[in-house]
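Reviewing the structure listed below.
The values are calculated or read from the model by the stated rules, or taken from the named source; none is laboratory data. It should be emphasised that the depicted structure is a prediction, and the values quoted were computed from it without experimental measurement. Glycine gets a Cβ as well: all are built from the backbone with ideal geometry, and neighbour counts include every protein chain shown. The accessibility values were calculated without ligands, DNA or RNA, using every heavy atom of the protein model including side chains. Shrake-Rupley method; radii C 1.70, N 1.55, O 1.52, S 1.80 Å.
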Amino acid sequence: MMKMFPYADYEFYVEKAYGKLDRDIFEKEVLEASFYLRYMTLGKSDVVQPEELRYAACAITEMYVREKNHLTSGGARKKSENNDGYSVTFVTELKDGEAIEELLARKADQIARKYLIRTGLLSRKVQGVHDNQCRYHTL
């Protein structure tokens, strides 16, 4: 069994992705982001690791931290407010009956697609031994 490792390190995050998170927070969440990317790529990301994978891991990590902080602070984003009858409407990204984990997965999915769509890592095609041969054989 392969040992799981993060797809981006802190130095890459700070120097190339211009990240601002503290090292300890980054290192905790980037591992979770890497697990998600490994799941999304059906493990292909353990073998093929283009630079886009590192950027995706950093972006998902930042989203995780931002959303978890937002959810734990109990904060909600105001959509509109009316002083006359004191009516406040809040924006919610959760769909009816959706768990927070599902929201995070949906957002991570969007980020991963943005970075990895052209890498082949999201392809569901199973490569066979004879993929390079012609489909029809002549007699």
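Using the average count of surrounding beta-carbon atoms within 10 Å as a protection proxy, the listed peptides 19-27, 48-56, 60-68 rank, highest first, as 60-68, 48-56, 19-27. Rounded, prolate or oblate: pick one for the range 1-57, where a ≥ b ≥ c are the square roots of the eigenvalues of its C-alpha gyration tensor, a/c under 1.5 means rounded, and failing that, prolate if a/b is larger than b/c, else oblate. Prolate, because a/c is 1.5 or more and a/b exceeds b/c. Stretching the chain fully between LEU31 and SER123 yields a gain of 30.9 nm (0.36 nm per residue, less the alpha carbon separation).
For the range 23-33, putting each phi into the Karplus relation 6.51 cos²θ - 1.76 cosθ + 1.60 with θ = phi - 60° gives couplings of 3, 5, 5, 4, 5, 6, 7, 5, 5, 5, 4 Hz, in residue order, rounded to whole numbers and with x for Gly and Pro.
Within the assembled protein chains, the solvent-accessible surface assigned to LYS44 is about 60 Å², based on a 1.4 Å probe.
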